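Worksheet: the structure to be examined is printed underneath.
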Amino acid sequence: MFDGLRFVLFHIGVALMTPFFALLVLALWFMPYGLREDVARLWCCCVLFWLWLTLGIRHRVIGLENLPKTPAVILSNHQSAWETVAFRTIFPQRLSWVIKRSLFRIPFYGWALRALEEIGIDRKANRRALKMVEKQGKAHLAQGRSLVLFPEGVRNPVGELGRFAGGGARLACAADAPVVPVAVDSGRFWPVKGWRKQAGTITVRIGPPVDSRGRHSEEVNQLARNWIAQAIDGVP
C-alpha cells in the first residue's frame, strides 16, 4: 500500500511540474535553442530529484571521460522511460533526440518536444525516416548538438538486447561523427512492464567513442552494439 502511494505521489508531481516547464519552453520558442534546452534540463533535474525523494531511485555514471569534445551520435540500449529524462542531465553537450513522431501529440510534453526541435520520425516509413534522420541529424550536429538514438526502437527488459536499426550509425558515417555507445540497467528498478518500481541505483556506462570515418555504417553499428552487450553483462 505504501509503495503504491509513493508511486502515485511521483506521478502526481511529474504531472504538476510538466505543464509549467513545457509552457516556459514554448514561451522561449523564438529564443536561442540553448535557453529552451536549459529549461528542459531543469525539468529533468526536478523529475530525477522527485524520483529519488518518492521512490528512492538514483543513478551513477561510469565513463564520462570517454565523451568526445565534438558533437557525437549517442547510441544507447533502452529499458525504461528513465533514460529519456536522465540523459539530458548526464551529457554536458547540447542534445537532440530522434523520437516517434506520435510523441508530438502529447499535451504539453509533446508540444515542448516540438519546440526543442527534436527529430520526429514515422517508423513505418523506413526509407523516408532514414533520410530524415540523416538530413536533419547532420544539421543538428553542425549546430553543435549531439544526437541521442535508441536503435532498438522499443524498450527491452533486463537481460535482453534487441536488434539495432542502422539509422544512427548511418548518420554518423555520413557526418564523420563519432558514435558513443551507452549501456543502462534502468530496467532493474523501472521495469518495462507493470507499475511497480524498486529503490536502487541505476548504472549508466559510457563507452569509448567509435570512429566512423572510413567505416561502413553496418560495422559501426555492430561495434556499438557489441560494446553495449558486453557492458550490460558486466553490470553487477
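Couple of notes before you dig in:
- Test: residue in segment 103-117 that is in a helix (DSSP H, G or I), closer than 25 Å to Glu160 by Cα and open to solvent by less than 40 Å² (accessible area, probe 1.4 Å): no
- For Glu37, the criteria (1) out of contact with any strand residue (DSSP E or B) (no Cβ under 7 Å at 6 or more places or on another chain); (2) modelled with pLDDT of 95 or more hold in every case but one, which is (1).
- Test: residue in segment 83-98 that is touching a Gly at 6+ places or on another chain (Cβ under 8 Å) and of a type in the set (Lys, Arg): yes
- Residues of segment 24-66 that turn out to be in contact with a Leu (Cβ under 8 Å, 6 or more places away or on another chain), among the hydrophobic types (A, V, I, L, M, F, W, C) and crowded, with 16+ Cβ neighbours inside 10 Å, as a count: 5
- Among residues of segment 1-26 that are free of Cβ contacts under 8 Å to residues at least 40 places away in the same chain, those with a Cβ under 8 angstrom from a residue that is open to solvent by less than 40 Å² (accessible area, probe 1.4 Å), sequence gap 6+ or separate chain, pair up as Val14/Val47; Met17/Trp43; Met17/Val47; Leu24/Val39.
- Condition check for Glu134: within 15 Å of the chain's Cα centre (by Cα) and closer than 23 Å to Pro181 by Cβ: no
- Residue match in segment 70-80 (condition: assigned to a helix (DSSP H, G or I) and either of a type in the set (A, V, I, L, M) or open to solvent by less than 20 Å² (accessible area, probe 1.4 Å) (or both)): no
The values are calculated or read from the model by the stated rules, or taken from the named source; none is laboratory data. Everything numeric here is computed off the predicted structure, so don't read it as measured data. Please note: Cβ atoms are built from the backbone with ideal geometry, for glycine as well, and neighbour counts cover all protein chains shown. These accessible areas exclude ligands, DNA and RNA; they are computed on the full protein's heavy atoms, side chains included. Shrake-Rupley method; radii C 1.70, N 1.55, O 1.52, S 1.80 Å.
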